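Asker: Could you have a look at this structure, given as structure tokens, before my questions?
Each value in this text was obtained by applying a stated rule to the coordinates, not by laboratory testing. The shown structure was predicted, so the numbers you read here are calculated from the model rather than taken from an experiment. Note: ideal-geometry Cβ built from the backbone for every residue, glycine included; neighbour counts use all protein chains shown.
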Amino acid sequence: MYVCICNAITDQEIEQAIADGHLTASAVYSACGVAPQCGTCSEEITEMIEGKIAAHFETVSGNQFAVA
Ligand code: FES
């Protein structure tokens with residue numbers, strides 16, 4: 001599924017960039033070799049990053065931390 005229509009970036013490409021340690025939207029754009037155009041997708045990319053971080057802490061802590 002395309003997350004960034006302007007640059008034709010898929011959710012899989014973004015997930016790979018996040019897995020490679022790119023933990024800001026701008027870092028994800030750079031990892032994908034593009035620059036943001038309209039910026040509409042940046043919020044969704046940020047939510048994907050936050051979701052991965054939250055999932056990591058839940059896994060590490062055994063759900064001991066509350067995730068906002
Ligand atoms: S949808 Fe990603 S920059 Fe426009």
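Asker: How long are the semi-axes of the equivalent ellipsoid of the chain, taking √(5λ) for every eigenvalue λ of the Cα gyration tensor, in whole Å from largest down? All intermediate terms of the calculation are to be shown ahead of the outcome.
Answerer: Numbers: eigenvalues 121, 25, 17 Å².
One finds semi-axes of 25, 11, 9 Å for the chain.
Asker: Just to be sure I understand the model, the point goes 7 Å from the Cα along the line to the Cβ. What's the resulting residue 46 to residue 26 distance in nm?
Answerer: The modelled label-to-label distance comes out at 1.3 nm.
Asker: Normalising by the residue count of the chain, find the relative contact order in percent from Cα pairs under 8 Å and 6+ residues apart.
Answerer: Numbers: 52 pairs, mean separation 18.4, N = 68.
Relative contact order here is 27 percent.
Asker: Still on this model: Amide H neighbours of residue 10 under 5 Å, counting only residues 5+ apart in sequence or on other chains, H built in-plane at 1.01 Å?
Answerer: Close amide H contacts, sequence-distant or interchain: 3.
Asker: Full extension from residue 1 to residue 61: what is 0.36 nm times the residue separation minus their Cα-Cα distance, to one decimal in nm? Kindly include the intermediate steps, with their values, before the conclusion.
Answerer: Details: separation 60, 0.36 × 60 = 21.60 nm, distance 3.10 nm.
Roughly 18.5 nm would be gained on extension.
Asker: Give the cysteines in the chain for which no other Cys Cβ lies under 4.7 Å away, or write none if there are none.
Answerer: Lacking a cysteine Cβ partner under 4.7 Å: 6, 32, 38.
Asker: Dipole of the chain, Cα-centred, from +1 at each Lys and Arg C-beta and -1 at each Asp and Glu C-beta, to the nearest 20 debye?
Answerer: It works out to roughly 100 debye.
Asker: Suppose only helical runs count, i.e. DSSP H with n ≥ 4. What mean residue ellipticity at 222 nm does that imply for the chain under -39500 (n - 2.57) per run, divided by all residues and rounded to the nearest 500 deg cm²/dmol?
Answerer: Values: 3 runs with 36 residues, N = 68.
Result for the chain: -16500 deg cm²/dmol, rounded to the nearest 500.
Asker: May I ask you to evaluate 6.51 cos²θ - 1.76 cosθ + 1.60, the Karplus curve with θ = phi - 60°, for each residue of the stretch 12-23 and list the ³J(HN,Hα) values in order in whole Hz, giving x for glycine and proline?
Answerer: Per-residue couplings from phi come out as 5, 5, 5, 4, 5, 4, 5, 4, 7, x, 8, 10 Hz.
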